[in-house]
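Here, each number is a calculation from the coordinates, and none is a lab measurement. On a predicted model such as this, the values are computed, not experimentally measured, just so you know. Quick reminder, even Gly has a Cβ in these numbers, built from the backbone with ideal geometry, and neighbours come from all protein chains shown.
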Amino acid sequence: MIRGAIHCFLILTLAVVSGCATKSVDSGSGKRRAEVVRVGLAQIGTPYVYGGKSPTTGFDCSGLTLYAYQAAGVSIPRMAREQQRAAQPVKANPRPGDMVFFETKPGVYHVGLMVDQDRFVHASTSRQQVKIDRLKTPYWTARYLGAGTYLN
């Protein structure tokens, strides 16, 4: 039942992401965004493992973003802080496939992938698994550092 609901959610999300993609100079950008989101969402429920970067061993936050971007053919750094430093900053609202960055404790950084205008998927230590959260909750808003992208 839950697996069916997740698959239904994935299909609807991809339809929204694909339908909202605008034509740009790089016609593959919308496809890469959709692939990053699809791969990120497909990992929901995968266990959190410090240093993990695959569905078979589990994910930490930056391992999940690394895995999703690699699936879309985009190379990014391994660690959350380096991912933020190397990403192109997103000035306005982050779009599906963009990364969102947080400082959860002094010197401790976290990253997730935007799914739509409000939600992001991330490998969470709070529930020990990949899950979806809302960006505008008090917890995440208080820790938000900004957004970045490797997609045009």
Can you compute the modelled spin-label distance between Asn152 and Val74, with each label point 7 Å from Cα toward Cβ, in nm?
1.2 nm
Taking 0.36 nm per intervening residue step and subtracting the Cα-Cα distance, what contour gain separates Asp116 from Ala86 on full extension?
8.6 nm
Go through region 44-57 residue by residue and turn each phi into a ³J(HN,Hα) via Karplus (6.51, -1.76, 1.60, θ = phi - 60°); whole Hz please, and just put x for glycine and proline.
3, x, 5, x, 7, 9, 4, x, x, 9, 8, x, 7, 9
Which ³J(HN,Hα) values in Hz, rounded to whole numbers, follow from the phi angles of region 137-149 under the Karplus curve 6.51 cos²θ - 1.76 cosθ + 1.60, where θ = phi - 60° and Gly and Pro get x?
6, x, 4, 6, 4, 5, 10, 5, 9, x, 10, x, 8
Using a basic spin-label model with each label point 7 Å from the Cα along Cα→Cβ, how many nm lie between Ile44 and Arg127?
0.9 nm
Sequence-distant or interchain residues sharing an amide H contact under 5 Å with Gly52, placed H: which?
Asp60
Overall form of region 85-152 per C-alpha gyration tensor (a/c, 1.5; a/b vs b/c):
prolate
Backbone HN-Hα couplings from phi across region 62-76 [Karplus 6.51/-1.76/1.60, Hz, Gly and Pro as x]
6, x, 5, 5, 4, 4, 5, 5, 4, 4, 8, x, 10, 8, 9
Give the relative contact order (percent, whole number) for region 27-102; include only Cα pairs under 8 Å separated by 6+ residues.
28 percent
If you project the alpha carbons of region 33-81 onto the principal axes, what extent comes out on each, in Å, largest first?
25, 23, 15
If I model a spin label at Val108 and Leu145 as a point 7 Å from the Cα along the Cα→Cβ vector, what separation in nanometres do I get?
1.4 nm
Please report Rg (one decimal) and Dmax (integer) in Å for the Cα set of region 37-135.
12.0, 35
